[in-house]
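*Asks:* Got a structure for you, questions after.
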Amino acid sequence: MKLNRISFFVFILMIAVASHGLHAQSVHEITLNVDTKNADPAKTCYFTVEKTTTVLNNTPANFTIFAQVGDNIIWKGLSSTEPNTPVRIRAIKYISGPRIFSSDVIKGNEMTRATVIRGGKTPYKYQLQFNVGSNTNTYTIEPKIQIEE
């Protein structure tokens, strides 16, 4: 009888851990939409996200999403005015708040990805660096991510 109770407790504990793990494994796809015809594209860009991502603020100067530990975040760039002009994310650089990723600098590519490894009470503020087309100028914006502890 005692063994059955222990087995039952272990079974319930495994279900609880698995349920929590399933909940915390969301993917947040953030698309940086850039007016590539504008002389200063960093001032006219905006973000879009999938329906499953909670957006707390949505202005270029104060874009903040909500994520949890274990979530994956993917950044992509897209021209909002010239479909054939590439927008490349060059880097995601830590500025302030809890360091939620495993590195202070995440090198960019076609699809830049990072996994949230820890939370904090204040938003994670980062610098997103990008360039447009064949232009070598690097533009920056400073969005945020709020993590639930």
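*Asks:* Would you be able to say whether some residue in the range 75-91 is part of a strand (DSSP E or B) and without any contact (Cβ under 8 Å) to a residue 12 or more places away in the chain?
*Replies:* Looking through the range 75-91, none of the residues is part of a strand (DSSP E or B) and without any contact (Cβ under 8 Å) to a residue 12 or more places away in the chain.
*Asks:* Looking only at the range 103-126, filter to residues that are among the polar types (S, T, N, Q) and closer than 21 Å to LEU32 by Cα; which one of those is modelled with the lowest pLDDT?
*Replies:* The extreme case among them is ASN109.
*Asks:* Okay, moving on. Would a scan of the range 74-85 turn up a residue that is aliphatic (A, V, I, L, M), buried (at least 16 other Cβ atoms within 10 Å of the Cβ) and modelled with pLDDT of 95 or more?
*Replies:* The initial filter retains those residues of the range 74-85 that are aliphatic (A, V, I, L, M), namely 74, 78.
Now drop any that are not buried (at least 16 other Cβ atoms within 10 Å of the Cβ), which leaves none.
Checked the range 74-85: no residue is aliphatic (A, V, I, L, M), buried (at least 16 other Cβ atoms within 10 Å of the Cβ) and modelled with pLDDT of 95 or more.
*Asks:* Report every pair of residues separated by at least 6 positions or lying on different chains whose Cβ atoms are under 7 Å apart, first residue within the range 126-140 and under 17 Å from THR81 (Cβ atoms), second surrounded by fewer than 19 Cβ atoms within 10 Å (Cβ to Cβ) and of a type in the set (D, E, K, R).
*Replies:* That search, which allows pairs on different chains as well, returns PHE130/ARG88; PHE130/ARG90; ASN131/ARG88; ASN131/ARG90.
*Asks:* Any idea how many residues of the range 35-54 are part of a loop (DSSP other than H, G, I, E, B), modelled with pLDDT of 90 or more and surrounded by 15 or more Cβ atoms within 10 Å (Cβ to Cβ)?
*Replies:* Within the range 35-54, residues that are part of a loop (DSSP other than H, G, I, E, B), modelled with pLDDT of 90 or more and surrounded by 15 or more Cβ atoms within 10 Å (Cβ to Cβ) number 4.
*Asks:* Something else now. Condition check: modelled with pLDDT under 90, farther than 18 Å from LEU78 by Cβ and not charged (D, E, K, R). Does ALA18 satisfy that?
*Replies:* For ALA18, the condition - modelled with pLDDT under 90, farther than 18 Å from LEU78 by Cβ and not charged (D, E, K, R) - is met.
*Asks:* Return the residues of the range 130-149 that are crowded, with 18+ Cβ neighbours inside 10 Å and in a loop (DSSP other than H, G, I, E, B); say none if nothing qualifies. Can you show your working first?
*Replies:* Taking the range 130-149 first, the residues crowded, with 18+ Cβ neighbours inside 10 Å are 130-132, 139, 141, 143-147.
Once the filter is applied, which keeps residues that are crowded, with 18+ Cβ neighbours inside 10 Å and in a loop (DSSP other than H, G, I, E, B), the range 130-149 yields only PRO143.
*Asks:* Follow-up. Are any residues in the range 107-129 β-branched (Val, Ile, Thr), surrounded by 14 or more Cβ atoms within 10 Å (Cβ to Cβ) and either over 20 Å from GLN25 (Cα atoms) or in contact with a Phe, Trp or Tyr (Cβ under 6 Å, 6 or more places away or on another chain) (or both), and if so, which ones?
*Replies:* THR112 - this is the single residue of the range 107-129 that is β-branched (Val, Ile, Thr), surrounded by 14 or more Cβ atoms within 10 Å (Cβ to Cβ) and either over 20 Å from GLN25 (Cα atoms) or in contact with a Phe, Trp or Tyr (Cβ under 6 Å, 6 or more places away or on another chain) (or both).
The values are calculated or read from the model by the stated rules, or taken from the named source; none is laboratory data. From a predicted model like this one, the values you see are computed outputs, not experimental measurements. No Cβ is skipped: glycine too gets one built from the backbone with ideal geometry, and neighbour counts run over all protein chains shown.
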